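Each value in this text was obtained by applying a stated rule to the coordinates, not by laboratory testing. Fair warning: this is a prediction, and the values are worked out from it, not measured in the lab. Cβ: placed from backbone, ideal geometry, glycine included. Neighbour counts: every protein chain shown.
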Amino acid sequence: MRMTVFGTGYLGATHAACMAELGHEVLGVDVDDEKIARLTAGEVPFYEPGLPEILRRHVESGRLRFTTDYAEAAEFADLHFIGVGTPQRKGEFAADTTYVEAVVTGLAPLLSRDAVLVGKSTVPVGTAARLQDLADLHAPVGVRAEVVWNPEFLREGFAVRDTLTPDRIVVGLADPASPARALVDEAYAPILESDPCPVIVTDLPTAELVKVSANAFLATKISFINAVSEVCEAAGADVTVLADAIGMDPRIGRRFLGAGLGFGGGCLPKDIRAFMARAGELGADQALTFLREVDSINMRRREKMVELAAEVCGGTLLGRTVAVLGAAFKPNSDDVRDSPALAVAGMLSLKGAQTVVYDPQAMDNSRRLYPTLAYADSAIAACEGADVVLVATEWGEFVELDPAAVAAVARGRVLLDGRNCMPGERWTAAGWTYRALGRGVPEVPAPVPATPVAAIAELVRA
Ligand code: UDX
């Protein structure tokens, strides 16, 4: 089957390559000449495990091509996926949908026969209906461009696997009897034949809301455990043991109860904000005010990490050297969009610490975003002369670091675990002070509430 994919970022490039892997003939489309040139040369412009291999394979076989030419795309296929970005609008919570709109208004006038436009981007509910109006307005007379919504749930780092073996496929249609359904079914038929998953066919607003609700739920789950983490810190409890224990209840589940620096990336933070903004526009603003708290809990973890670093440095970061291991928003990614790791590195630097950052994949992106931080070529090089070593992204190579090898180059012996991923006992046994978010010693002794009886006894003694 022939199809196009508009947008060749983390989502679009993966979708295009995976559709070729399924046996389809795919044309990837983007407005960025440089990206298209690199993809055409078989090079993935970002880090995603497993993607370079399938991209190269299908570029070489000719089943996967790339272009910036919308007219070529309109002519090439009748099924057009849209996977362009919907970033947070500057100075607002709402999502910026101009890129999805631009695809529809750019493509629709060039169509010479009926086509189906399948939105995959995460959008505010109601966008698909608006895009349908735009398609109707811009398509030539007699040509029907039908908008369908098919949200994408892929996780960076597992994008290929999530695309080829999804948990579920959600398809939103304005009309359940629409012929568009058959085209979408045909595109996903190879997946359903080899490893079937549930297919949920619904209306457009439900399909749009499934995606933002899923991300809001995941963000809430992470912030829940991070809120409990704050209480654990105050009470001297261990949030990781607590998460194991509550996670054993199948109604709760252990996944996404990883306490630490919290969520970042190109999706969760902006999606919860856009969801709140949209609910407000729809007059349901009270429904999602709790997401503001989810956001605040998440951002507080970054500040807490900086406070902890200052505390272990004796109260001030001025003149101290901190090695920050990790810059990507999570391991197996080079994505630094809203990365908690990089935000913490930036804050440490602003508080006067000499901050040396290392990440296995995200160095170029980090340098672009935070050019004033110091960068090292390896984890060990970053730790040279460090008073404090802070693990901010749970890359496997950090988890496996040898405490003795780090001790041989570092000045101090304090390890801060921002992701509750490090083998603390191993480091403690090697002479390190190990501190992690949500665990260990309470910073302030828990105050004993004064009971009236205790207060009276105190008075009598006085
Ligand atoms: C997310 C959704 O999982 C995916 O379904 C959607 O399509 C896009 O958004 P992604 O942004 O790739 O995917 O990352 P995800 O694995 O969800 O992690 C998001 C953030 O949460 C990361 O910063 C991660 O470190 C953090 N996280 C995750 C935690 O802090 N604790 C956890 O237990 C899990």
Quiz item: With +1 on each Lys and Arg Cβ and -1 on each Asp and Glu Cβ, how big is the dipole of the chain about its Cα centre, in debye rounded to the nearest 20?
Solution: 1140
Quiz item: Separation of the range 275-327 and the range 147-179 by C-alpha centroid, Å?
Solution: 31
Quiz item: Quick one: Karplus J couplings for the range 334-346, per residue in order, coefficients 6.51, -1.76, 1.60, θ = phi - 60°, nearest Hz, x for Gly and Pro?
Solution: 10, 7, 10, 4, 6, 7, x, 4, 6, 4, 5, 4, x
Quiz item: In whole angstrom, and with the biggest value first, how far do the Cα coordinates of the range 135-175 range along each principal axis?
Solution: 43, 20, 12
Quiz item: Using only Cα atoms, what Kirkwood radius does the range 211-296 have, in angstroms?
Solution: 13.7
Quiz item: Dipole size in debye (nearest 20) for the range 2-202 around its Cα centre, Lys and Arg Cβ +1, Asp and Glu Cβ -1?
Solution: 160
Quiz prompt | Among 11, 80, 268 the positive-end extreme of the charge dipole of the chain (Cβ point charges) | solution = 268
Quiz item: Roughly speaking, what is the stretch gain from residue 433 to residue 194, that is 0.36 nm per residue apart minus the C-alpha to C-alpha distance, in nm to one decimal?
Solution: 81.0 nm
Self-check item: Ratio of the Cα radius of gyration of the range 94-201 to 2.2 N^0.38 Å, where N counts its residues
Solution: 1.13
Practice problem: Please give the helix 290-312 orientation as an angle from the longest Cα principal axis of the chain, in degrees from 0 to 90, rounded to the nearest 10. | Solution: 40
Practice problem: Report the FRET efficiency, 1/(1 + (r/R0)^6), for residue 316 and residue 34, where r is their Cβ-Cβ distance and R0 is 41 Å, rounded to 0.05. | Solution: 0.40
Quiz item: At each listed q (0.18 Å⁻¹), what is the log10 of I(q)/I(0) that the Debye formula gives for the range 298-461 modelled as equal alpha-carbon point scatterers?
Solution: -1.04
Practice problem: May I ask you to list the trypsin sites (Lys or Arg not before Pro) in the range 34-112 that are in a DSSP loop and have at most 14 other Cβ atoms within 10 Å of their Cβ? | Solution: 90
Quiz item: Excluding residue 102 itself, what net charge comes from residues whose Cβ is under 14 Å from its Cβ, given Lys and Arg +1 and Asp and Glu -1?
Solution: -3
Quiz item: Quick one, what does Rg over Rh come out to for the range 2-202 if you take C-alpha atoms and the Kirkwood Rh?
Solution: 0.94
Quiz item: Taking every pair of alpha-carbon atoms in the chain, what share in percent sits in each 10 Å bin, from 0 to the bin with the longest distance?
Solution: 4, 18, 26, 23, 16, 8, 3, 1, 0, 0
Quiz prompt | At 0.890 mPa s and 25 °C, Stokes diffusion of the range 180-323 via Kirkwood alpha-carbon radius, µm² per second | solution = 134
Quiz prompt | Estimated FRET transfer efficiency (residue 89, residue 299; beta-carbon r; R0 25 Å; 0.05) | solution = 0.85
Exercise. Compute the FRET efficiency between residue 249 and residue 158 as 1/(1 + (r/R0)^6), taking r as their Cβ-Cβ distance and R0 = 35 Å, and round to the nearest 0.05.
Key: 0.90
Quiz prompt | P(r) tail fraction, the range 286-395 - alpha-carbon pairs more than 24 Å apart, % | solution = 23
Practice problem: Using only alpha carbon pairs under 8 Å that are at least six residues apart, calculate the relative contact order of the chain and give it in whole percent. | Solution: 12
Exercise. For each pair in 120/211; 211/270; 221/270; 35/270; 270/351; 90/211, compute the distance between the two Cα atoms and list the pairs where it is over 20 Å.
Key: 35/270; 270/351; 90/211
Quiz item: Using 7 Å Cα-to-Cβ label points, what is the residue 69/residue 399 separation (nm, one decimal)?
Solution: 4.8
